[in-house]
Each structure stands twice: as C-alpha cells, then as structure tokens.
Amino acid sequence: MPHRMVGPDLRAGRDWGIVDRFGVRRLGSALGREAGLAPAAGGQARPPMAVSGHRTPHRTADCRSAANPTQRLRFHGDPVRPKLPLIKSRFVSFCPPCLLGLYINDFRSTYLMSTKLTWGILGTGRIAGTFAEGLARSRTGTLVSVASRDQGKANAFAAKHGAAHAHGTYEALLDDPDVAAVYIATPHPAHVEWAEKAAARGKHVLCEKPVGLNLVEARAAIEACRLTGVLFMEAYMYRCHPQTVRIAELVRSGALGKIGLIQGTFSFQRPYLPNHRLYDKKLGGGGILDVGGYPVSMARLVAGAAVNRPFLNPHHVDGAGHLHPESGVDVYAAATLGFANDIVAQVSAGIDLRQESVVRIYGSEGWLLVPEPFVVGIDGGESSLLLHRNGSPEPERIVVHAGPLYAMEADAFADALWAGLSEVPVMSPADTLGNMDTLDRWRAAIGLHYPGEGRSNSD
Ligand SMILES: NC(=O)c1ccc[n+]([C@@H]2O[C@H](COP(=O)([O-])OP(=O)(O)OC[C@H]3O[C@@H](n4cnc5c(N)ncnc54)[C@H](OP(=O)(O)O)[C@@H]3O)[C@@H](O)[C@H]2O)c1
C-alpha cells in the first residue's frame with residue numbers, strides 16, 4: 001500500500017514528477033489514480049522519458065491542509081519524492097529477520113533512489129547544452145522539456161539531449177505539467193521576466209547568473225519565488241563544487257592566519273561581434289555582468305568565511321574599466337572592495353582580454369592559490385589548491401575530488417528541495433542580492449548603464 005504513505009501530501013492535492021531508473025512512470029498512473037491523485041496532463045501514455053506531473057502549490061492566504069486545518073503546509077522545497085516513512089521502521093523493528101520486511105525495505109530504497117526531479121530548460125544556447133549534459137550525469141534530475149523561441153531549435157535540442165517535450169515558446173514549457181523545475185538559460189535581460197513567470201506557474205527556479213541586470217531586477221525575481229513558495233537559486237555553479245567548500249573551510253580554520261587581501265579574476269578574449277550577447281548592450285553585454293560576478297562572489301564568500309559567516313558584503317566598492325567604443329559595454333574592468341573586517345579584495349573581469357583567471361587569498365600565515373576557481377571540473381575529477389605556508393619552501397597541494405560541475409549544481413538544487421529547505425545553502429537569495437548590489441556599485445563606478453535602466457538603479 002505504498003500510496004497510503006504519502007497521504008498528507010495527497011490531501012494537499014500534490015503530486016510529483018517521478019521517473020524510475022528504467023524510465024517508467026511510477027506515480028501519477030495506476031498508483032496515483034488509486035491514491036486519488038490527478039493524472040498527469042492528458043493522462044496518455046508517454047515515451048520512456050516522460051514522467052508524471054509535478055505541481056507546487058502556490059502560497060495563498062490560507063496555506064493549510066484541507067484534511068487537517070491545524071497542519072501548516074510546507075512550500076519551499078516541497079518534497080518531490082514521496083515519503084514512505086514508516087515501512088522500513090515498522091517491519092524491520094518488529095520482525096528484523098522477516099523476509100517481507102527486507103523486501104519492503106529494499107523496495108523503499110529502490111523507490112527513493114529512482115525518484116528524479118523533472119527539469120525544463122528555457123533557451124537552447126551554449127550554457128543550456130552544457131547544463132543538459134551535466135543534468136544527464138546528475139544523481140537527482142532528469143531533463144523532460146526544452147523550450148526555444150524556434151520550434152526547430154527546440155526539436156533539435158530535445159533530440160540531442162533526450163528531452164521528451166520540445167516547445168516552440170517559453171510559455172508552453174511553463175504550462176508543461178511534467179516540468180517541476182526550470183533552468184533559465186537566456187541572456188541576462190530576460191532572466192527576471194522568466195523567473196517571475198515560472199514562479200507564477202509554481203515551477204522551481206534555477207536561474208543563470210546574473211539573475212537580473214541590477215539589484216532591483218534581482219529583488220523582483222527573488223520576491224516572486226518567495227511569494228509563490230518555489231525554490232530559487234542563482235546558478236553560480238562553482239559554489240556547488242567541493243573545492244569551493246574546501247576554500248571556505250581553510251579560511252575558517254585559520255590555516256592562512258588573518259586574511260588580508262583577496263585577488264580574483266575571470267577574463268577571456270572574444271573577438272568583437274556587434275550582435276553577440278557579450279557585446280550587445282541590449283542583451284546585457286560586458287564583462288562585469290558576464291563574469292565579474294564570479295570573483296566578486298568568491299571575495300564575499302572568503303571575507304565571510306573569515307568571520308564564520310556564509311558571506312560578507314563590502315562596505316566600499318570602487319572601480320575602473322574600459323568601455324567598448326562602439327557598443328559601450330565593458331571590455332575589461334577592475335574593482336577594489338573593502339570589507340568591515342579589514343579585508344580588501346581586488347577583482348577583475350573581461351571579455352576581450354586574456355588574463356590569468358585565478359584566485360589568490362593572502363593571510364598573515366600564508367597564501368592560497370586557486371588555479372581553477374570557477375569553471376572547475378566540468379566532467380568531474382580532481383582539482384587542486386596550493387597552500388603556501390609562511391616559512392615553507394614548497395606549497396602544500398590540496399586535492400579535491402568531485403563529480404561533474406553542472407551535475408553537482410542540479411543535485412545541490414534538488415537536495416535542498418527534498419530537504420524542505422527554503423534556499424540552497426551554497427547560494428542563498430541574500431547572497432545573490434549582496435552580489436548584485438556589489439556589481440551595481442562596480443558598474444556605477446565606471447559609468448556603465450543598460451538601456452531602460454536610467455542613471456539610477458531605482459527606476
Ligand atoms: N554558469 C555558467 O557556467 C555560464 C556559462 C555561460 C553563460 N552563462 C549565462 O547563461 C546565460 C546564457 O549564456 P549563453 O552563453 O548560453 O548564451 P547564448 O549561447 O547566446 O544562448 C542564449 C539563448 O537564450 C535564448 N534567447 C532568449 N532570448 C534571446 C535574445 N533576445 N537574444 C538571444 N538569445 C535569446 C536563445 O535560445 P532560443 O533561441 O532557443 O530561444 C539563445 O540560444 C547568460 O546569462 C550567461 O551569463 C552561464
């Protein structure tokens with residue numbers, strides 16, 4: 001009777017996107033109907049990758065269970081996998097050697113292991129493809145839908161990455177009941193619009209960085225997700241990598257002594273193409289928004305770790321940069337950040353200047369070199385940190401092993417969802433807002449504004 005175990009959530013009128021390890025729908029069909037669950041849209045048989053519907057309830061004035069009005073429903077991170085909480089404990093504790101108990105225990109493990117979060121991707125560009133490849137290697141997720149402004153591109157992407165549904169509009173994907181979480185992979189100016197629309201349809205939101213062109217937009221996207229009770233994360237994927245966790249641990253542990261200076265760069269060289277999103281101001285072009293957010297977020301993370309906090313925001317931001325003579329976007333730029341705990345950071349970014357994209361953290365007892373701080377281990381494997389202790393002739397090599405970068409991002413998101421968290425701990429909404437504010441101040445220092453933004457961030 002496994003469906004009885006999910007009673008409280010069923011009473012809330014909720015179902016889940018589940019596909020088992022064989023690609024067979026496990027809930028929403030016979031089991032779901034038996035349990036009184038609404039069938040997935042259309043109710044027809046689907047191809048192997050298809051899954052049952054997932055709907056997250058919207059936050060409403062009365063957020064209480066119909067069956068038990070005293071029980072408050074959970075919103076953020078409603079479990080996508082059904083809970084089968086009692087089977088194992090009852091059988092195994094009453095009858096440890098009982099074969100039936102072991103069988104059910106095994107069924108439970110198999111069932112939970114096979115549950116997947118169902119994803120839809122908005123956009124079919126470069127990072128959309130990279131994320132889809134990562135998702136295919138994730139522990140927790142499966143791609144079910146993709147949307148493009150062009151049906152042909154959606155079809156090609158779906159065929160390449162094994163998505164069951166290909167939509168010719170983004171709206172259609174948001175109406176797709178099989179999609180539980182949306183990954184927004186459009187250029188930056190479209191992020192806030194689609195984050196808000198996704199939230200309004202009850203889809204959890206993993207949004208590419210930066211979430212908006214500025215703090216005002218980022219706030220709007222985050223607020224929309226908060227109000228509708230869906231999980232939100234800005235896709236700074238390197239935050240999900242154990243190397244980043246290790247860096248923060250090293251700082252917290254005092255291995256570097258008192259932190260003084262952080263240097264961070266993310267910069268590359270891309271020839272000028274007026275219509276490319278990186279050079280087009282209407283598409284949010286320029287280095288600060290595209291890659292400057294990485295060293296800024298790393299500096300804020302390290303400054304926070306030094307005082308045992310998840311991040312710290314700078315009290316002082318100054319900057320300089322070179323704007324492209326035709327398009328007006330920042331080709332390369334640098335900023336100095338000052339933090340209340342006496343830490344100073346120098347960060348730089350660029351889209352047409354090849355720089356060494358590394359992070360260095362200097363403390364009173366030594367310094368740490370992070371050779372691959374951001375795009376680290378797309379296929380997984382080993383990465384290294386070099387710890388130079390004062391007085392030691394050779395650096396200590398600290399090796400970190402990890403899975404594929406974007407698979408870990410998808411897993412961090414799903415794990416937070418299933419744990420019932422209201423945010424993904426490695427990249428919280430408050431962290432996003434602090435980062436966006438710093439980028440605003442960096443841009444203001446070099447006089448870079450985007451169309452419609454005006455001269456102040458308040459319009
Ligand atoms: N986290 C990371 O590692 C990482 C890496 C690279 C980029 N990013 C971020 O991801 C976002 C997309 O970057 P990308 O390099 O993938 O860009 P891209 O290759 O240009 O792809 C963007 C996609 O967005 C869709 N789109 C929607 N409105 C558009 C418009 N007005 N103009 C052009 N395309 C539009 C298009 O898909 P359809 O035509 O199919 O609708 C297009 O293929 C950016 O915000 C960027 O900062 C993140």
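The figures follow:
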| item | result |
| --- | --- |
| Length gained when the stretch GLN346-SER392 is fully extended (0.36 nm per residue, less Cα-Cα span) | 14.0 nm |
| Long-range amide H partners of GLY319 with built H, under 5 Å | THR336 |
| Cα centre as origin, Lys/Arg/Asp/Glu Cβ charges: the stretch 238-446 dipole, Debye | 300 debye |
| Scaled radius of gyration (Cα, divided by 2.2 N^0.38 Å) that the stretch 238-446 gives | 1.03 |
| When each of LYS153/LYS281; LYS197/LYS282; LYS116/LYS282; LYS160/LYS203 is checked by Cα-Cα distance, pairs over 28 Å | LYS116/LYS282 |
| Gained length - LEU421 relative to ARG126, 0.36 nm times residue gap less alpha-carbon distance | 103.2 nm |
| Rounded accessible area per residue of the stretch 238-446, 1.4 Å, Å² | 39 Å² |
| Debye log10 I(q)/I(0) at q = 0.28, 0.29, 0.31 Å⁻¹ for the stretch 397-442, Cα point scatterers | -0.94, -0.96, -1.02 |
| The stretch 266-313: trypsin sites (Lys or Arg not before Pro) in DSSP loop, at most 14 other beta carbons within 10 Å | none |
| Vicinal HN-Hα couplings computed from phi for the stretch 412-422 (Karplus, 6.51 cos²θ - 1.76 cosθ + 1.60; Hz; Gly/Pro x) | 4, 5, 5, 4, 5, 4, 6, 7, x, 7, 8 |
| Calculated FRET value between ALA172 and GLN355, using beta carbons and R₀ = 35 Å, to 0.05 | 0.25 |
| Sparsely packed trypsin sites (Lys or Arg not before Pro) within the stretch 370-459, loop by DSSP, other Cβ within 10 Å at most 15 | ARG455 |
| For the stretch 319-335, 3J(HN,Hα) per residue [Karplus equation, 6.51 cos²θ - 1.76 cosθ + 1.60, θ = phi - 60°, Hz, x = Gly/Pro] | x, 8, x, 10, 9, 5, x, 8, 8, x, 7, 6, 7, 8, 7, 9, 9 |
| Whole-angstrom Cα spans of the stretch 343-385 along principal axes, big to small | 35, 29, 13 |
| The stretch 324-404: GluC sites (Glu not before Pro) in DSSP coil with no more than 12 other Cβ atoms inside 10 Å | GLU326, GLU356 |
| Computed FRET value (nearest 0.05) for ALA255 with ALA136, which takes r as the C-beta separation and R₀ as 35 Å | 0.40 |
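The values are calculated or read from the model by the stated rules, or taken from the named source; none is laboratory data. Predicted, not measured: the structure shown is a model, and the values here were computed from it. FYI the Cβ positions are ideal-geometry reconstructions off the backbone, even for glycines, and counts take in every protein chain you see. SASA here: full protein model, heavy atoms, side chains in, ligands and nucleic acids out. Shrake-Rupley method; radii C 1.70, N 1.55, O 1.52, S 1.80 Å.
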